[in-house]
1. Which of the residues spanning region 81-119 are farther than 30 Å from T40 by Cα, in a helix (DSSP H, G or I) and not acidic (D, E)?
2. I'd like the residue in region 121-134 that is farther than 12 Å from F43 by Cβ and not polar (S, T, N, Q) and, out of all such residues, is surrounded by the most Cβ atoms within 10 Å (Cβ to Cβ).
3. Of all residues in region 39-50 being open to solvent by less than 100 Å² (accessible area, probe 1.4 Å) and of a type outside the set (V, I, T), which is modelled with the lowest pLDDT?
4. Does Q66 meet the test of being more than 28 Å from T128 (Cα to Cα) and modelled with pLDDT of 75 or more?
5. Any residue at all in region 105-120 that's open to solvent by 50 Å² or more (accessible area, probe 1.4 Å) and closer than 23 Å to D75 by Cα?
6. Looking at this structure, is R42 of a type in the set (K, R), under 20 Å from D135 (Cα atoms) and in contact (Cβ under 8 Å) with a residue 60 or more places away in the chain?
7. Check off (1) of a type outside the set (S, T, N, Q); (2) modelled with pLDDT of 85 or more; (3) loosely packed, with under 15 Cβ neighbours inside 10 Å for K53 and give me the number that stays unchecked.
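The values are calculated or read from the model by the stated rules, or taken from the named source; none is laboratory data. None of these values were measured; they are calculated from a predicted model. Here the Cβ is made from the backbone with ideal geometry for all residues, glycine too, and neighbour counts use every protein chain on show. SASA here: full protein model, heavy atoms, side chains in, ligands and nucleic acids out. Shrake-Rupley method; radii C 1.70, N 1.55, O 1.52, S 1.80 Å.
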Amino acid sequence: MPPTSRQPRHLVIATGIVLIVLLLAGAAGQQAWSRQTQLTARFEQCMEQAPFKQSLKTAQPEHQLQPDDLQRHFDQFNKMYESTGLPPIWDGHQLVAWTTFHRDSIQVAKACHQSLNIERPQQQLRGTYAKPVWDPDSAIWRNS
């Protein structure tokens, strides 16, 4: 066979192999994404029992705050944010540190992790619950 007829065959074979590898990698990635999505949905369902889910339904700051108090609340918010690195939360009566507000909820998160066999939530979950603030083993909770 002349060399020119072999080159296209090698190119076709190499292209085919690359396509197969890409398809397999894409399928594996899609399966991992799907598992992560399903696990996150089950975790969110488990977290419905967390105290913060109920308290946010009753906290209505518009009924508690007066315009004259806004500067004091802004100053308090900034002070708490600067000291903790996390925004404080209105608990229905006052601004409280994020870790204080969620102390009981993080225990629920820990129980949900255990019941769902989640060992590395920041890698195994998606969205908000994949953030360090919802990982009971993160530095945020070790220092509080």
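1. S83 - this is the single residue of region 81-119 that is farther than 30 Å from T40 by Cα, in a helix (DSSP H, G or I) and not acidic (D, E).
2. V133
3. So the residue we want is A50.
4. Judged against the criteria, Q66 is a match.
5. Within region 105-120, not a single residue is open to solvent by 50 Å² or more (accessible area, probe 1.4 Å) and closer than 23 Å to D75 by Cα.
6. In short, yes.
7. (2)
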